[in-house]
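Here is the structure we will look at.
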Amino acid sequence: MDLADFYRDLHEHPELSGQEHRTAERIAQALVPLGYEVTTGVGGTGVVALLRRGDGPTVMLRADMDALPIEEKTGLPYASKVPGVAHACGHDMHVACLVGAAEKLKDDDWSGTVMLVFQPAEETAKGARAMVEDGLFERFAKPDIVFGQHVGALPAGVIGYRTGPVMAGADSLQVVLHGRGGHGARPETTVDPVLMAANVVTRLQGIVAREIPASETAVVTVGRLQAGVTDNTIPDTAELGISMRTYTKHTHDVVRAAIERIIRAEAAASGAPKDPRLDWTMSSPVLVNDPEPTTRTVSAFTRELGADKVMTLPLLTVSEDVGVFGDAAGVPTVFWFWGGLEFGVVIEALQHGRLEALPSNHSPEFAPVLEPTLTTGVEALRTAALTWLDPAS
Ligand code: ZN
Ligand code: ZN
């Protein structure tokens, strides 16, 4: 199979979270002829593919499959053919590299089980949990280690990693504040939810500034604030959408409790006629790379790709739900990033101090260069798997 063609086809046909039907079909078509036991429809549109070769460890390799509701502006000849949907996070590259690694591993010598997991709905942080709840580890196999990778704004051919916390845990909260509406000219007859919401937004900023130690990191962002429709009317309700990011269980619990406490207290302080409604709608755990397995895997990358192709990364405030797998199976996770940007473009941006102007994940202009991105992504997954599988007996 021509992996570049396979990738370009996925890129042209992006599918939103939970709707990865065509993508799943293409994966199954590629893996069945290679001898993998393929099951589709796991946790929605997820795909599991197993290659069993006697005794030895079970190594799980994971790729996410979903695209984003973004209009692609890369101008590539193989740009998205679906209006308003694009593979702007590079998950098509993840799928292609995992299929490429499957092809190589079929011809490699090893003993154990290779477990490929193609996960739906990463962008909504629902897919990993959905697959686990659909019996991923009971119906198929329980891995000894979980590997995953993400393409990003590093030079193509370069792998970036860190040990310990890598990406933040993310939680989303939907809030409805109840007031009592009325005429804008007679606020004394109302309980103004707009003022209540404004106080909540301001007060929430005190959590990170005043309740989290300087040595810890957390983010609290109000990304959605909606109330009212007209100038001279005080509405009945105001709504907020809040996103939080943390790196430890303790900080997570502190921030979450503080958000709830402040919202309830502001409602009480305003004389709200009804308690606010709070719905935690999304939660993905902090992604932690276990130090020992990560070091062992990265040493193999260094041997295979060269020390100049492996770098350490700072802590990231973006999130991933890949950690759900390792947590649920009670086994280590090793997750790394690899570059998709043309080397010359990165160097030029560096020279002009404009590194942050380069298109990164979720930008309508983001798309990795085909090579050496594909080859590096395939080799990284293959190297990780072979490092943990037993030698052929
Ligand atoms: Zn993304
Ligand atoms: Zn992504």
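The values are calculated or read from the model by the stated rules, or taken from the named source; none is laboratory data. Not measured: the values here are computed from a predicted model. With ideal geometry, Cβ positions are generated from the backbone for all residues, glycine too; neighbour counts draw on all protein chains shown. Ligands, DNA and RNA are stripped out before the accessible areas are found, and what is left, the full protein with its side chains, is counted by its heavy atoms. Shrake-Rupley method; radii C 1.70, N 1.55, O 1.52, S 1.80 Å.
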field: Residue in the stretch 12-67 that is nearest to T333 (Cα to Cα), counting only those that are within 16 Å of ligand 1 (Cβ to nearest atom), crowded, with 23+ Cβ neighbours inside 10 Å and of a type outside the set (S, T, N, Q)
entry: R62
- prompt: Which condition breaks for A257 when tested against (1) surrounded by 15 or more Cβ atoms within 10 Å (Cβ to Cβ); (2) among the small types (G, A, S); (3) in a helix (DSSP H, G or I)?
  reply: (1)
message: Being more than 17 Å from G164 (Cα to Cα), touching a residue at least 12 places away in the same chain (Cβ under 8 Å) and open to solvent by less than 60 Å² (accessible area, probe 1.4 Å) is the filter here; which residues of the stretch 281-309 pass it?
response: M282, S283, A300, F301, L305
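Restricting to the stretch 237-249, give me the number of residues that are over 22 Å from the mean Cα position of the chain (by Cα) and surrounded by fewer than 19 Cβ atoms within 10 Å (Cβ to Cβ).
Of the residues in the stretch 237-249, the ones over 22 Å from the mean Cα position of the chain (by Cα) are 237-240.
Filter once more, keeping what is surrounded by fewer than 19 Cβ atoms within 10 Å (Cβ to Cβ): 239.
Count: 1.
Does G148 fit the bill of being modelled with pLDDT of 95 or more, in contact with a Lys or Arg (Cβ under 8 Å, 6 or more places away or on another chain) and within 16 Å of ligand 1 (Cβ to nearest atom)?
Details: modelled with pLDDT of 95 or more: yes; in contact with a Lys or Arg (Cβ under 8 Å, 6 or more places away or on another chain): yes; within 16 Å of ligand 1 (Cβ to nearest atom): yes.
Answer is yes for this residue.
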message: Out of the residues in the stretch 220-236 meeting the condition of being in contact with a Leu (Cβ under 7 Å, 6 or more places away or on another chain) and open to solvent by less than 70 Å² (accessible area, probe 1.4 Å), tell me which one is nearest to L287 (Cα to Cα).
response: V220
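Hey, can you tell me all the residues within the stretch 1-11 that are of a type outside the set (F, W, Y), open to solvent by less than 50 Å² (accessible area, probe 1.4 Å) and under 20 Å from K106 (Cα atoms)?
Within the stretch 1-11, L3, A4 qualify.
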field: Flag for E72 being surrounded by fewer than 24 Cβ atoms within 10 Å (Cβ to Cβ) and of a type outside the set (S, T, N, Q)
entry: no
field: Failed condition for E188, given (1) under 30 Å from A257 (Cβ atoms); (2) out of contact with any strand residue (DSSP E or B) (no Cβ under 7 Å at 6 or more places or on another chain); (3) not assigned by TED's automatic domain parsing to the domain that holds G54
entry: (1)
task: Hey, can you tell me all the residues within the stretch 323-381 that are open to solvent by 70 Å² or more (accessible area, probe 1.4 Å) and of a type in the set (D, E)?
output: D327, E342, E348, E356, E365, E371
message: Given (1) at pLDDT 95 or above; (2) closer than 24 Å to L389 by Cα, identify the lone condition not met by G44.
response: (2)
- request: Quick one: A88 ticks every box in (1) more than 16 Å from ligand 2 (Cβ to nearest atom); (2) touching a strand residue (DSSP E or B) at 6+ places or on another chain (Cβ under 6 Å); (3) in a loop (DSSP other than H, G, I, E, B) except a single one, so which number is it?
  value: (1)
field: E103 vs. criteria within 16 Å of ligand 2 (Cβ to nearest atom) and open to solvent by 10 Å² or more (accessible area, probe 1.4 Å)
entry: no
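Among the candidates D134, D107, which residue alone is away from ligand 1 (no atom under 16 Å from the Cβ) and without any contact (Cβ under 8 Å) to a residue 24 or more places away in the chain?
Values: D134 fails: without any contact (Cβ under 8 Å) to a residue 24 or more places away in the chain.
Every option except D107 fails the conditions.
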field: Matching residues in the stretch 110-131 - criterion: being open to solvent by 10 Å² or more (accessible area, probe 1.4 Å), more than 13 Å from ligand 1 (Cβ to nearest atom) and over 25 Å from L386 (Cα atoms)
entry: K126, R129, A130
- prompt: Restricting the search to the stretch 148-166, which residues are under 18 Å from P359 (Cβ atoms), crowded, with 23+ Cβ neighbours inside 10 Å and either within 13 Å of ligand 2 (Cβ to nearest atom) or polar (S, T, N, Q) (or both)?
  reply: H150, V151
- prompt: Just wondering, is there one or more residues in the stretch 377-387 that are of a type in the set (A, V, I, L, M) and in contact with a Ser or Thr (Cβ under 8 Å, 6 or more places away or on another chain)?
  reply: yes
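Quick check on my filter: what residues within the stretch 121-141 are within 14 Å of A63 (Cβ to Cβ) and either of a type in the set (S, T, Y) or assigned to a loop (DSSP other than H, G, I, E, B) (or both)? Give the derivation first.
As a first pass, look at the stretch 121-141 and keep what is within 14 Å of A63 (Cβ to Cβ): 121-123, 127-128, 131.
Across the stretch 121-141, the qualifying residues are A121, E122, E123.
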query: If only one of H178, H183, H150 is touching a strand residue (DSSP E or B) at 6+ places or on another chain (Cβ under 9 Å) and closer than 26 Å to Y36 by Cβ, which one is it?
result: H150
- request: Exactly one condition in (1) within 16 Å of ligand 1 (Cβ to nearest atom); (2) without any contact (Cβ under 8 Å) to a residue 60 or more places away in the chain is not met by T317; state its number.
  value: (2)
- prompt: Would it be correct to say that T333 is within 16 Å of ligand 2 (Cβ to nearest atom) and in contact with a Pro (Cβ under 9 Å, 6 or more places away or on another chain)?
  reply: yes
field: Subset of the stretch 235-286 (residues that are farther than 30 Å from G181 by Cβ and polar (S, T, N, Q))
entry: T246, T248, T251, S283, S284
